[in-house]
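Colleague: Pasting a structure here, questions to come.
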Amino acid sequence: MCEIIEKKKVLSCIQPSGMLTLGNYLGALKNWVNMQEEFDCTFAVADLHAITVRQEPAKLRQQIYSTFALLLALGLDPQKSTLFIQSQVPEHSALSWVLSCNTQFGEMARMTQFKDKSAKHSDNINVGLFSYPVLMAADILLYKPNFVPVGADQKQHLEIARDIAERFNRIYGDVFTVPEAYIPKAGARVMSLQNPDKKMSKSDDNANSWVAILDDRDTIIRKFKRAVTDSGSGIYMSEDKKGISNLITIYGAITGKTTQEVEKEFEGKGYGDFKLAVGEAVADELAPIKANFDKIIADKSELERLFKDGAQRAEKVARKTYFKAMKKVGFVL
Ligand code: TRP
């Protein structure tokens, strides 16, 4: 008899943005695709999180569609993983309320992302922006994942989700799995091409500082050719060669080569050659994703069928956990 070994569960979400970048791709999304074989994965478009900053409704709607389409275009497979849109599974908001009544004001007030975002959007410091990590905890805890792949900027939020889960279990009895952060072996932290001290971000005013997953080949190569380096020479990782180091990271993440292998490959080469090679490698990797995306986004009814089906499957899991939590708290079901 062959024994069936249950796969460990993974959950992660990404906010809908019209312009996901090479940083999102190498830092997170490429790993999601790789995790599909080894784990039982659930991935969602976190559209409820997006309205913590003001959104234009028509644009938000379009970005939800395109982000979901992009997940498919990257190779996330609805046959293997559960892919859905957060707002289509109402248990997320509902559990979030129950969890928020079990979360302290002080715990939220010290979240660094809240402090940063409220400084940046000082005209709209809404309560949702404040309690955003509680909604994120609900996203996670509903699916009882063992691992949650998150970038450095979300680690504090994952810690809080763990604290909330532990506290709830202690007070009401065992309901939630306490998840671990998943730091992928090949996760890359991609920096701005114009200022390698800063993380690559689509909100950067200088469009040359970031590459969108859906940029065309010429644009990608042009941006890499313009990437800031230093006045020296030699292609190797170093604290005082942040621009070159960033390009080595990108090239390594794309090709699967180690830093040493990349350094060896470009020994004796100039910066110009190296920048072009990185640009071409990135363009080659992203081209099929863009081609897939163009096809997928053109078939709206198929896209809708897929996200509705994903939401149904997600809700089956979410509802169980939600009811269990509600019962423990004392609600009448
Ligand atoms: N807050 C995350 C971000 O902005 C997105 C997110 C929402 C998320 N819910 C999540 C990530 C649950 C991991 C797990 O990047």
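Colleague: Looking at (1) part of a helix (DSSP H, G or I); (2) not assigned by TED's automatic domain parsing to the domain that holds F168, which is the only condition V317 fails?
Modeller: With (1) part of a helix (DSSP H, G or I); (2) not assigned by TED's automatic domain parsing to the domain that holds F168 applied to V317, the lone miss is (2).
Colleague: Let me ask something additional. Looking at the structure I just gave you, is L158 assigned to a helix (DSSP H, G or I) and under 16 Å from the mean Cα position of the chain (by Cα)?
Modeller: Details: assigned to a helix (DSSP H, G or I): yes; under 16 Å from the mean Cα position of the chain (by Cα): yes.
Yes.
Colleague: Just one of the numbered conditions (1) open to solvent by less than 20 Å² (accessible area, probe 1.4 Å); (2) within 29 Å of V190 (Cβ to Cβ); (3) more than 15 Å from the ligand (Cβ to nearest atom) is not true of F168; which one?
Modeller: It is condition (2) that F168 fails.
Colleague: Given the condition free of Cβ contacts under 8 Å to residues at least 40 places away in the same chain, more than 30 Å from K327 (Cβ to Cβ) and within 11 Å of the ligand (Cβ to nearest atom), answer yes or no: does some residue in segment 75-86 qualify? Full working, then the answer.
Modeller: Initial filter on segment 75-86 (free of Cβ contacts under 8 Å to residues at least 40 places away in the same chain): 79.
Next cut, more than 30 Å from K327 (Cβ to Cβ) only: 79.
Next, only the ones that are within 11 Å of the ligand (Cβ to nearest atom) stay: none.
No: segment 75-86 contains no residue that is free of Cβ contacts under 8 Å to residues at least 40 places away in the same chain, more than 30 Å from K327 (Cβ to Cβ) and within 11 Å of the ligand (Cβ to nearest atom).
Each row is one residue, and each column tells you yes or no for (1) small (G, A, S); (2) modelled with pLDDT of 95 or more; (3) within 12 Å of the ligand (Cβ to nearest atom); (4) under 14 Å from the mean Cα position of the chain (by Cα).
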| site | (1), (2), (3), (4) |
| --- | --- |
| I5 | no, no, no, no |
| K9 | no, yes, no, no |
| L26 | no, no, no, yes |
| A46 | yes, yes, yes, yes |
| R54 | no, no, no, no |
| Q88 | no, yes, no, no |
| V98 | no, yes, no, no |
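Colleague: Among the residues of segment 44-64, is any touching a His at 6+ places or on another chain (Cβ under 9 Å), of a type in the set (K, R) and either open to solvent by 60 Å² or more (accessible area, probe 1.4 Å) or closer than 30 Å to K7 by Cβ (or both)?
Modeller: yes
Colleague: Only residues that are of a type outside the set (S, T, Y) and either touching a residue at least 24 places away in the same chain (Cβ under 8 Å) or within 24 Å of S81 (Cβ to Cβ) (or both): list them for segment 53-67, please.
Modeller: Pass one, segment 53-67, residues of a type outside the set (S, T, Y): 53-64.
Once the filter is applied, which keeps residues that are of a type outside the set (S, T, Y) and either touching a residue at least 24 places away in the same chain (Cβ under 8 Å) or within 24 Å of S81 (Cβ to Cβ) (or both), segment 53-67 yields V53, R54, K59, L60, R61, Q62, Q63, I64.
Colleague: On to the next question. Could you tell me whether L70 is buried (at least 22 other Cβ atoms within 10 Å of the Cβ), within 14 Å of the ligand (Cβ to nearest atom), in contact (Cβ under 8 Å) with a residue 12 or more places away in the chain and not assigned by TED's automatic domain parsing to the domain that holds D216?
Modeller: Values: buried (at least 22 other Cβ atoms within 10 Å of the Cβ): yes; within 14 Å of the ligand (Cβ to nearest atom): no; in contact (Cβ under 8 Å) with a residue 12 or more places away in the chain: yes; not assigned by TED's automatic domain parsing to the domain that holds D216: yes.
No: the conditions fail for L70.
Colleague: Sort out which residues of segment 245-261 are assigned to a helix (DSSP H, G or I) and either farther than 16 Å from V211 by Cα or open to solvent by less than 10 Å² (accessible area, probe 1.4 Å) (or both), and write them in order of number.
Modeller: Initially, segment 245-261 is screened for residues assigned to a helix (DSSP H, G or I), giving 245-255, 259-261.
Of everything in segment 245-261, those that are assigned to a helix (DSSP H, G or I) and either farther than 16 Å from V211 by Cα or open to solvent by less than 10 Å² (accessible area, probe 1.4 Å) (or both) turn out to be S245, N246, L247, I248, I250, G252, T255, T259, Q260, E261.
Colleague: Is it true that T229 is within 21 Å of A28 (Cα to Cα) and either of a type in the set (S, T, Y) or buried (at least 21 other Cβ atoms within 10 Å of the Cβ) (or both)?
Modeller: Values: within 21 Å of A28 (Cα to Cα): no; either of a type in the set (S, T, Y) or buried (at least 21 other Cβ atoms within 10 Å of the Cβ) (or both): yes.
Here the answer is no, as T229 does not meet what is asked.
One line per residue, one yes/no per condition, for (1) in contact with a strand residue (DSSP E or B) (Cβ under 6 Å, 6 or more places away or on another chain); (2) touching a residue at least 12 places away in the same chain (Cβ under 8 Å); (3) open to solvent by 40 Å² or more (accessible area, probe 1.4 Å); (4) in a loop (DSSP other than H, G, I, E, B):
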| position | (1), (2), (3), (4) |
| --- | --- |
| G234 | no, no, no, yes |
| E239 | no, no, yes, yes |
| G243 | no, yes, no, no |
| E263 | no, yes, yes, no |
| V282 | no, yes, no, no |
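Colleague: Cβ contacts < 6 Å: first residue more than 8 Å from the ligand (Cβ to nearest atom), restricted to segment 128-150; second residue of a type in the set (D, E) and open to solvent by 30 Å² or more (accessible area, probe 1.4 Å), any location; separation 6+ or different chain. Result?
Modeller: F147/E180
The values are calculated or read from the model by the stated rules, or taken from the named source; none is laboratory data. Not measured: the values here are computed from a predicted model. When we count neighbours, we look across all protein chains shown, and the Cβ atoms used for this are built from the backbone with ideal geometry, even at glycine. Surface accessibility is based on the protein's heavy atoms, side chains included, excluding ligands, DNA and RNA. Shrake-Rupley method; radii C 1.70, N 1.55, O 1.52, S 1.80 Å.
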